[in-house]
Amino acid sequence: MEDIRDIKGLVPVPHSLWWLWLLLAVVIAAIVVWIWMRRRPAFVAETITPPTAFEIAMGALRQLRADNPPVEKFYTRLSDIVRQYIEGQFGLHAPERTTEEFLTEATLPPASMALLGAFLQESDLVKFARLRPGQDDRERAFGAAEKFVRETQS
């Protein structure tokens, strides 16, 4: 029975300090986040104002001039720009109505009404009666639309 030995005493288990290091890391991270949040500038909400009907129309007119589409598309887009401007500026539902319906409902200054009426009737002739105006007529129509938008802005 020489193989059997007596029980040994308690063997001390080394204590690891990993939990202390983890606690220290969490505390340091919390302090860094707290300092960063205090030093960061407060969020300032920017108020973005939507573009006005005038700004939208002028941008669309610039784009139309740059694109220089064929005559029928030119007059169609020019008429749409003016009609959408009228809806945005005056609250009249111009895009969904015929020129005659719209002009009877509109209450604009007489000079603006005459300019608008002549322009929209010419646009209708190009769009529906296949009138083919020349380059001078296109420039005059563009100028009339631009003048109407500029004169009626608020």
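The values are calculated or read from the model by the stated rules, or taken from the named source; none is laboratory data. Since this is a predicted model, take the numbers as computed values, not measurements. Neighbour counts are summed over all protein chains in view; Cβ atoms, including those assigned to glycine, are modelled from backbone coordinates with ideal geometry. Side chains included, ligands, DNA and RNA excluded: accessible areas come from the protein's heavy atoms. Shrake-Rupley method; radii C 1.70, N 1.55, O 1.52, S 1.80 Å.
Couple of notes before you dig in:
- Residue match in segment 125-143 (condition: in contact with a Ser or Thr (Cβ under 9 Å, 6 or more places away or on another chain), among the charged types (D, E, K, R) and in contact (Cβ under 8 Å) with a residue 40 or more places away in the chain): yes
- Criterion (among the hydrophobic types (A, V, I, L, M, F, W, C) and either more than 19 Å from Phe148 (Cα to Cα) or more than 25 Å from the chain's Cα centre (by Cα) (or both)) met by exactly one of Leu64, Leu20: Leu20
- Test result for Leu125, open to solvent by 50 Å² or more (accessible area, probe 1.4 Å), aliphatic (A, V, I, L, M), on the phi < 0 side of the Ramachandran plot and assigned to a helix (DSSP H, G or I): yes
- Picking from residues in segment 103-119 that are part of a helix (DSSP H, G or I) and more than 21 Å from Gly143 (Cβ to Cβ), the one that is least open to solvent (accessible area, probe 1.4 Å) is Glu105.
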